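Engineer: I have a structure I would like to understand better, so I am pasting it below and will then ask my questions one at a time.
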């Protein structure tokens, strides 16, 4: 029997809170527990569950599980338990004070996510629990901060604090290129251009990419060097970027005067402390040339993908026709 619990309550400051005891990575509640949670009769909760299934909002196989449960008479019965997905669905349907409290809480979290792009339970992250999601959160933040768009903006912000700052766009791009290549070299022994040249291959699954923006690999994905890094390289890169940005923020907070060459030197120092090789040259290939090579590989890759998709469509059409023929008989 799952040892789960979910409590709705109002804190001293008037905010609606939800306290959850997890079983694995979800919550399992019986019909009785759902009725108690939302303060409604079991028949009402049962009707909402039935409607959830009938409307196709959730599938029974993914949200219901039977567990052996000992009843008050001492006998053991197989009882239906409903997971967190069902609890949320019922919470948005049930008409009660508790249901209203739940919707206030859930809508607040959803609103925060839509506006900010994230929603955090600060108190839970501060506590050490059975499932420590704080490490996962930090890893995901590092990955976001090291993305080219975010890091480029941060690099521009860092450069803008330099005494010799020049708003000329070309200078800013050059600073970013130097910093980016030093970081990529530290984790892969290749510059951004060299990574793209060596790893962009139309014959490889997903053209050699390990990550990309959408559901399919697009042309814009194949000219981003970080997209080709393996898991070990990405982890190392994220940690180095985190250290560099943290140092830069500390320097800015102290209002220490820095030149562009100082920022480069400090990055070299961070790489040296981490026992990483420091890049001291411009690499063996220009980024523009590597991008052209990747674009040509992408055209080959795209043609192959389209051929595969056409073949799959024909196979599906043939299967549908055969099925239709059998039904006529």
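Engineer: So residue 198 fits all but one of (1) modelled with pLDDT under 95; (2) part of a helix (DSSP H, G or I); (3) surrounded by fewer than 20 Cβ atoms within 10 Å (Cβ to Cβ); what number is the exception?
Structural biologist: Unmet condition: (1).
Engineer: Give me a count of the residues in region 183-195 that are part of a helix (DSSP H, G or I) and over 26 Å from the mean Cα position of the chain (by Cα).
Structural biologist: First, the residues of region 183-195 that are part of a helix (DSSP H, G or I): 183-188, 192-195.
Among the residues that remain, those that are also over 26 Å from the mean Cα position of the chain (by Cα) are: 193-194.
So the answer is 2.
Engineer: Given 74, 99, 61, 108, which one is surrounded by 14 or more Cβ atoms within 10 Å (Cβ to Cβ) and assigned by TED's automatic domain parsing to the domain that holds residue 34? Walk me through it before giving the result.
Structural biologist: Details: 74 fails: surrounded by 14 or more Cβ atoms within 10 Å (Cβ to Cβ); 61 fails: surrounded by 14 or more Cβ atoms within 10 Å (Cβ to Cβ); 108 fails: surrounded by 14 or more Cβ atoms within 10 Å (Cβ to Cβ).
Of 74, 99, 61, 108, the one residue that is surrounded by 14 or more Cβ atoms within 10 Å (Cβ to Cβ) and assigned by TED's automatic domain parsing to the domain that holds residue 34 is 99.
Engineer: Moving on. With region 46-122 as the region, which helices (runs of 4 or more DSSP H) entirely inside it contain at least 1 residues that are more than 16 Å from residue 34 (Cα to Cα) and within 24 Å of the chain's Cα centre (by Cα)? Before the answer, list the steps.
Structural biologist: Working: elements: 60-63, 84-91, 97-116.
Here the list reads 60-63, 97-116.
Engineer: Mind listing just one residue for me: the one in region 165-176 that is out of contact with any helix residue (DSSP H, G or I) (no Cβ under 7 Å at 6 or more places or on another chain) and in a helix (DSSP H, G or I) and, of those, modelled with the highest pLDDT? Steps first, answer last, please.
Structural biologist: Initial filter on region 165-176 (out of contact with any helix residue (DSSP H, G or I) (no Cβ under 7 Å at 6 or more places or on another chain)): 166-171, 173-174.
Then keep just the ones that are in a helix (DSSP H, G or I); that gives 169-171, 173-174.
On the way: 169: 61, 170: 73, 171: 73, 173: 74, 174: 82.
Step by step, filter region 165-176, then rank; the result is 174.
Engineer: Moving on to the next point. Identify the single condition in (1) touching a strand residue (DSSP E or B) at 6+ places or on another chain (Cβ under 6 Å); (2) buried (at least 17 other Cβ atoms within 10 Å of the Cβ); (3) more than 17 Å from residue 181 (Cβ to Cβ) that residue 259 does not satisfy, given that it satisfies every other one.
Structural biologist: (2)
Engineer: Could I ask something else about it? Does region 225-240 contain any residue that is assigned to a loop (DSSP other than H, G, I, E, B), under 19 Å from residue 179 (Cα atoms) and touching a helix residue (DSSP H, G or I) at 6+ places or on another chain (Cβ under 9 Å)? Working first, answer last.
Structural biologist: Here is the first cut: in region 225-240, the residues assigned to a loop (DSSP other than H, G, I, E, B) are 229-230.
Then keep just the ones that are under 19 Å from residue 179 (Cα atoms); that gives 229.
Pick out the ones that are also touching a helix residue (DSSP H, G or I) at 6+ places or on another chain (Cβ under 9 Å) and you get 229.
Looking for residues that are assigned to a loop (DSSP other than H, G, I, E, B), under 19 Å from residue 179 (Cα atoms) and touching a helix residue (DSSP H, G or I) at 6+ places or on another chain (Cβ under 9 Å), one finds at least one in region 225-240, hence yes.
Engineer: Taking only region 272-291 into account, find how many residues are touching a residue at least 24 places away in the same chain (Cβ under 8 Å) and farther than 17 Å from residue 192 by Cα.
Structural biologist: Start the filter on region 272-291 by keeping residues that are touching a residue at least 24 places away in the same chain (Cβ under 8 Å), which leaves 274, 276-279, 282-287, 289-291.
This time we only want the ones that are farther than 17 Å from residue 192 by Cα, so: 274.
Going through region 272-291 one residue at a time, the tally reaches 1.
The values are calculated or read from the model by the stated rules, or taken from the named source; none is laboratory data. For clarity, every value in this text was computed on a predicted model and none was experimentally measured. Ideal geometry is used to build each Cβ from the backbone, glycine not excepted, and the neighbour counts take in all protein chains shown.
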